[in-house]
Amino acid sequence: MNYIRPAAAFIRCRGLPRATGVALLVSLAATAFAGQRVAVPEFRYLVDFSVPVAEIVPLAHAVILATTLFSPMADLEHTAAQPMPRHRALYIVALLALALGLTALPLLAGATAEVYASAARNAVGYLGLGMLGAALFGSGLAWLPPLAMFGPTLLLGVDSDNSPEPWAWSLHASDSTSAAVVAAALWLTGAAASTTTGPRRAERAEHD
């Protein structure tokens, strides 16, 4: 009981319940369109390449959940008796579990295990980018790195032979080892940045 109350306060002050509700609505919409595919724009080459909606939606989960990394009460947390680094580490793992759970919902509408594997990998990678964005620019701008990656990937990520470019990891097939390694590395980098740093001074000032 002594641990549950501080943990609940830690979660609540970050707005996670509200963010989870928004992410759930996005996931339910993705579930309704689980059988649809999104065509990559024919911007660079004349290509015919598309990806399932379920593989793109993790970008939204990452952006929404990454905005909850830091609390407007950060200054008080620095003086708290509870070990905040441990709370932050557990919270980051919980965000990952939540993102993976939301990503799994399209399976209920018939999405394949291969699609889920790619979507889960994308959730891991984009959440890592979102956490890195929150650490660098503040949680309100956590969306910058994920969208900065997604835009070029969508426009330039397919080669003339109709296969994803090596750097366009989120477009790779579910069995791509290199894409999985990149996604894991992004998550670990973002997790390390979020665990070892607090909100930027400018972000704290916005809440004063």
| Summing Lys, Arg as +1 and Asp, Glu as -1, what charge do residues with Cβ under 14 Å from the Cβ of Val57 carry, Val57 excluded? | +1
| Expressed in nm to one decimal, what extension gain is obtained for the pair Leu141 and Leu24 from 0.36 nm per residue of sequence separation less their Cα-Cα distance? | 40.0 nm
| Using a Förster distance of 30 Å, how high is the FRET efficiency between Ala148 and Asp175, based on the Cβ-Cβ distance and rounded to 0.05? | 0.65
| Using θ = phi - 60° and the Karplus curve 6.51 cos²θ - 1.76 cosθ + 1.60, what whole-Hz ³J(HN,Hα) does each residue of the range 134-141 get, with Gly and Pro shown as x? | 5, 5, 8, 10, x, 4, x, 10
| query | Where a ≥ b ≥ c are the square roots of the eigenvalues of the C-alpha gyration tensor, would you call the range 81-159 rounded, which needs a/c under 1.5, or, failing that, prolate if a/b is larger than b/c, or oblate? | reply | oblate
| message | Sorting check: for 106-117, 136-147, which peptide has the highest mean count of neighbouring beta carbons within 10 Å, and how do the rest follow? | response | 136-147, 106-117
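A short reminder: the numbers here are calculations on the coordinates, not readings from a lab. Everything numeric here is computed off the predicted structure, so don't read it as measured data. Glycine gets a Cβ as well: all are built from the backbone with ideal geometry, and neighbour counts include every protein chain shown.
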